[in-house]
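Everything on this sheet refers to the single structure shown next.
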Amino acid sequence: MDIKGEAQIPAGLKTVWAGLNSTDVLLKSIPGCESIERVSENELQAKVMIKLGPVTARFGGKVSMTDIRPLEGYTLHFEGSGGAAGFAKGSAEIHLQESGGETRLTYTAKASIGGKLGQLGSRLIEGSARKLSADFFAAFAQAVAPSSVSGSAQTENGPMDPSASSPASPSRTIKPRLMWLAAAAAAALVIATSVFGQ
């Protein structure tokens, strides 16, 4: 599955970069994230409880960063497992650009999923990814720029309203980032990502 997207974050580039590298900010921003810890300078481990259609599972996974260009972007590699629910793995290229005191985050992710998750339809997965993505970026924007976020976080298709990004709204932007777009597994599903993230 290939996913592309972007988000406009109402905060400067240095603030966004710091947020993407903060386990505290990511823990608050990644939907369903139960724990996140830094294993090394460029690697995180996380546990995320995620629901995609009829499948609910706790995913454990890791995310590593390569090709790090401070204040510009990086490449994420993620893999996660949810036991019988399945697995997800892949990579995402994250790019950041400041414009007018805000930051535009764009990503391109490639993810593969298997197990029960692999049996779900692509529309269901993409719809869930859109919802998780919107939730992540809204929470992330609130965490890094709380005074300027009153519905001002934007995706390429307009304001990010998590309720408007439900599977019933297929024209909405797919989230993540995968973020450490939802901690590897979730990121892959979500994003892949987020992700988004760090």
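All of Glu79, Glu43 fail the test of being under 28 Å from Ala145 (Cβ atoms), touching a strand residue (DSSP E or B) at 6+ places or on another chain (Cβ under 8 Å) and of a type in the set (D, E, K, R), apart from Glu43. Taking Ala46, is it at pLDDT below 90 and of a type in the set (A, V, I, L, M)? Taking the combined requirement at face value, the residue does not satisfy it. When we screen Glu93, Glu72, Glu41 for residues that are out of contact with any Ser or Thr (no Cβ under 9 Å at 6 or more places or on another chain), of a type in the set (Asp, Glu) and at pLDDT below 95, the only hit is Glu41. Kindly provide the set of residues from the range 43-63 that are within 14 Å of the chain's Cα centre (by Cα) and over 13 Å from Ile30 (Cβ atoms), ordered by number. Scanning the range 43-63 gives a single hit, Lys62.
The values are calculated or read from the model by the stated rules, or taken from the named source; none is laboratory data. The model shown is predicted, which means the values in this text are computed figures rather than measured ones. Quick reminder, even Gly has a Cβ in these numbers, built from the backbone with ideal geometry, and neighbours come from all protein chains shown.
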